[in-house]
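The values are calculated or read from the model by the stated rules, or taken from the named source; none is laboratory data. Only a predicted model underlies this, so the values are computations on that prediction, with no experimental measurement involved. Quick reminder, even Gly has a Cβ in these numbers, built from the backbone with ideal geometry, and neighbours come from all protein chains shown.
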């Protein structure tokens, strides 16, 4: 019985919940919506309006829908309407509500200023219907106004200011100066003082030119410039059909701006004339009316220089595109060439023939792409000598796979010593670069050489011999484990000990190479303080190196030699501490594992 009672209560509860959500809540929502509708001054959908007019003192401002989202002003002038302003205005009227009915059958509308209202609003709907309101006097209590619908005399009061209902020709007229899509602009010409600045898109990049000056343009800077022009608005409409343009200075414009877009038959041309009290007089070449633009727009156009749009990235390229790299500095020329089959391999051709350090060359190319121009100094140079370009102090040239080249030349340092004057291929522009950035790019021959001392395959190593005057250590690898077999047997030495030794030797680089052998008495290589030998599973020697004594004038450096190369090098003394040479290190590390 209790079970049946529980089922009954559950069903009753579900029924209540369903009634609440399916009947009670929707009913309450409908009542709320009905109340809102009953309090609206006008019942219409903004999308259904075909034409609307604002009549002030018998003068009508009329806008007609020209498409789903666009409006055309038909009175008092024929001009494109401001779509956003028209939509906002209709939405406001659609949401306008009255607070109370003041008088449903007034005997005298003049009391409320509704007999001959100074402001009327009317709509013509797409279905042919009409609606509208008359706007009367302000309510004596303030912050309210008297209203009446066009087809009835019932007086309503609404909490709204008159200026919210009123709109001017300027408010509802399109104030766009130049209408274009930034992404589709292919060329821009700005003529002032008989000089024309040209920004032209060639394929995917921008090219700048002005008289004899030229430079590569910055996509970001030019887009920002175009967006500022596109966003500019007419400040004031002056004259619709001027009989002459001389009084506005538009017969001989102070500034001419042309914007050319892809697939457009004619450029958009803006003429800017004299300065008036509120700004500069202007007109569109293809239009008739004269208007005023803001001082800020004139300044943007008039003060822009070629260097303002120049690309501040030094150079852009794909690493794989570079086939050759030439550096000239301190009367030394270094030529590097990339292996066509192995793109990670570089060879030094001049001044010596040697393997180049892949890591160093890659780092140089990365730093080159990452370098930014600090400041553009001069757009055209007639005498390069003051900047130190004749001849340049340093020069870098990239040769690409397609045979094209790009060069950077460095001149003198600036007075602060923190920057270099510089120029690049095909440009007259002089700019500055950080001295610190250039030091990472213009590497010395020694920096660019491959300084790896030992070459071996780590996976082939099965035995490591560490020979010191006082003791010899032998590590052997059995499958994946390293065991110490000499000077005493120590099984299962931690893997990282053997692996660390191999990594250290594989990445070991020399600091300098000696042109002549000074002899064992100097180098100490006759009786080395450390020797390391790597063997494979057949006891064949894969690599062998010996460390001698310290360099007399550089105690942080030690002499080193490998059996594969008779050249004697110097190496940082870190190698002595990175190769274990004490039995306790093996034991302690083994216990810690």
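Summary table
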{"quantity": "The lone exception for residue 286 - which of (1) crowded, with 16+ Cβ neighbours inside 10 Å; (2) assigned to a loop (DSSP other than H, G, I, E, B); (3) without any contact (Cβ under 8 Å) to a residue 40 or more places away in the chain it fails", "calculated": "(1)"}
{"quantity": "Filtered residues of region 420-431 (kept if farther than 17 Å from residue 397 by Cβ and surrounded by fewer than 18 Cβ atoms within 10 Å (Cβ to Cβ))", "calculated": "428"}
{"quantity": "Some residue of region 155-164 being touching a strand residue (DSSP E or B) at 6+ places or on another chain (Cβ under 7 Å) and farther than 21 Å from residue 95 by Cβ", "calculated": "no"}
{"quantity": "Candidates 111, 133, filtered to the one that is in a strand (DSSP E or B) and in the same structural domain as residue 54 (by TED's automatic domain parsing)", "calculated": "133"}
{"quantity": "Meets criteria (outside any helix (DSSP H, G or I) and either at positive phi or in the same structural domain as residue 240 (by TED's automatic domain parsing) (or both)) for residue 143", "calculated": "yes"}
{"quantity": "Some residue of region 541-550 being without any contact (Cβ under 8 Å) to a residue 24 or more places away in the chain, assigned to a strand (DSSP E or B), farther than 17 Å from residue 569 by Cα and assigned by TED's automatic domain parsing to the domain that holds residue 573", "calculated": "yes"}
{"quantity": "Residue that is under 30 Å from residue 289 (Cβ atoms) and in contact with a strand residue (DSSP E or B) (Cβ under 8 Å, 6 or more places away or on another chain), where the choices are 138, 171, 82", "calculated": "82"}
{"quantity": "In region 262-283, residue nearest to the chain's Cα centre (by Cα) [restricted to those that are closer than 30 Å to residue 206 by Cβ and not in a strand (DSSP E or B)]", "calculated": "262"}
{"quantity": "The one condition in (1) under 24 Å from residue 500 (Cα atoms); (2) in contact with a strand residue (DSSP E or B) (Cβ under 9 Å, 6 or more places away or on another chain); (3) outside any strand (DSSP E or B) that residue 525 fails to fulfil", "calculated": "(1)"}
{"quantity": "Qualifying residues in region 93-111 (those that are in contact (Cβ under 8 Å) with a residue 24 or more places away in the chain and loosely packed, with under 14 Cβ neighbours inside 10 Å) - the one nearest to residue 44 (Cα to Cα)", "calculated": "95"}
{"quantity": "Qualifying residues in region 559-588 (those that are in contact with a strand residue (DSSP E or B) (Cβ under 8 Å, 6 or more places away or on another chain) and over 19 Å from residue 450 (Cα atoms)) - the one modelled with the lowest pLDDT", "calculated": "587"}
